[in-house]
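The values are calculated or read from the model by the stated rules, or taken from the named source; none is laboratory data. Quick caveat, the model's predicted, so the values are computed rather than measured. Reconstructed Cβ throughout: ideal geometry from the backbone, glycine too, with neighbour counts over all protein chains shown.
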């Protein structure tokens, strides 16, 4: 019986009713610690986190040295990266308890000692009774997958006997997702949805898989099903916002990022993208307001901090506030990010505000510091193109594509657009043909506005050649 099936069982419902009646009356709760842990898990599943915590606090008060209580406190310590405290809670558990085994491995995993955890778990596998083998293997696979090591997760899944259970399929779907096997992941979650159409976490997983496949329209649809099941569902709202953003539907994406931020006001990722939507909609003052809030709520080690500063600099630069833009970019100096790329952004802001000499100096510094990286060279050329300096952009693209490595698959679409803007139509056709051959995704992003809506990149060249003859 799965947890969800157990929570639907009459016996559990009766126990939950008794517990809630006791709590509401203000009386002391005297229950088995395992039952309190089940109630806490039920509340957590229902996203009633305060009640979940209260149930576990009661369990800890009743039996502070029970495995259930120690396991819970250990994970609290892991959440705040207090590994010394977690080790202390682990030391109070019996070493042969299943919880000890998983917690021991988990503590190594969170500290990056993957091989040590794997070897430890393999040793326990050797002594696992046959009737416990399947559960153990699947639990270990889930542990590795939860901690982002899907290769190890799949390695352990291959030790398991194939099952048609929902839990087994879901884990396999999540593991495929972590491995980047999105078609397989999508197929599994679609099967689960066919069986359980009102299970929103399956819709979440499907929407995320479709997003990673760049099937953004399908991702929007899947997230809409999750929202229909639970209109207040933050994960579904965020999934829809992200997919709409990638579809360049910034007006609708903005509405969903704002809706998400009402529920999660301290999420810098949502505020960052809310600001980006405002920039794309030319709402620069609103963008600055959102991005400053994102900076305020972001932790010093937030992975989004450099991007927040980048977007904030663009928002200032687009208003002609060059000094504010450059001061914002200065804040990235001590961050772990691509500083050459940010120097190109500095150059672009200077160039778009007609500070030619300063922009040229920034571009030169980026190119030299990157050891003449083709990626940085391309970014500079794109900036020139964006600022309508067509002749300069043309020369840079020409040089890049003539001297780059054979496996370069970027830049052809931008060169095609540059040639089209300069009315060099023969060259435009030549670079267009190379663009759709080398990188159809880039071609769609850069050149789609030149072609009928919904036309696929592999049809661009034929269509353009026909147009030129007319």
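Would you mind stating whether residue 414 is touching a helix residue (DSSP H, G or I) at 6+ places or on another chain (Cβ under 6 Å), within 22 Å of residue 310 (Cβ to Cβ) and without any contact (Cβ under 8 Å) to a residue 24 or more places away in the chain? So residue 414 fails the test. One residue alone among 47, 14 is under 36 Å from the mean Cα position of the chain (by Cα) and either surrounded by fewer than 19 Cβ atoms within 10 Å (Cβ to Cβ) or not in a helix (DSSP H, G or I) (or both), and that residue is 47. The listed residues are 105, 77, 88, and the only one of them that is over 26 Å from the mean Cα position of the chain (by Cα) and either modelled with pLDDT of 85 or more or under 21 Å from residue 152 (Cβ atoms) (or both) turns out to be 88.
From the list 170, 163, 106, the one residue that fits, being touching a helix residue (DSSP H, G or I) at 6+ places or on another chain (Cβ under 9 Å) and in contact (Cβ under 8 Å) with a residue 40 or more places away in the chain, is 106. All conditions in (1) within 25 Å of residue 301 (Cβ to Cβ); (2) at pLDDT 95 or above; (3) touching a helix residue (DSSP H, G or I) at 6+ places or on another chain (Cβ under 7 Å) hold for residue 339, with the sole exception of (3). Residue check: is residue 58 surrounded by 15 or more Cβ atoms within 10 Å (Cβ to Cβ) and under 29 Å from residue 263 (Cβ atoms)? Judged against the criteria, residue 58 is a match. Are any of the residues in segment 418-425 farther than 17 Å from residue 367 by Cβ, modelled with pLDDT of 95 or more and within 34 Å of the chain's Cα centre (by Cα)? Scanning segment 418-425, I find at least one residue that is farther than 17 Å from residue 367 by Cβ, modelled with pLDDT of 95 or more and within 34 Å of the chain's Cα centre (by Cα), so the answer is yes.
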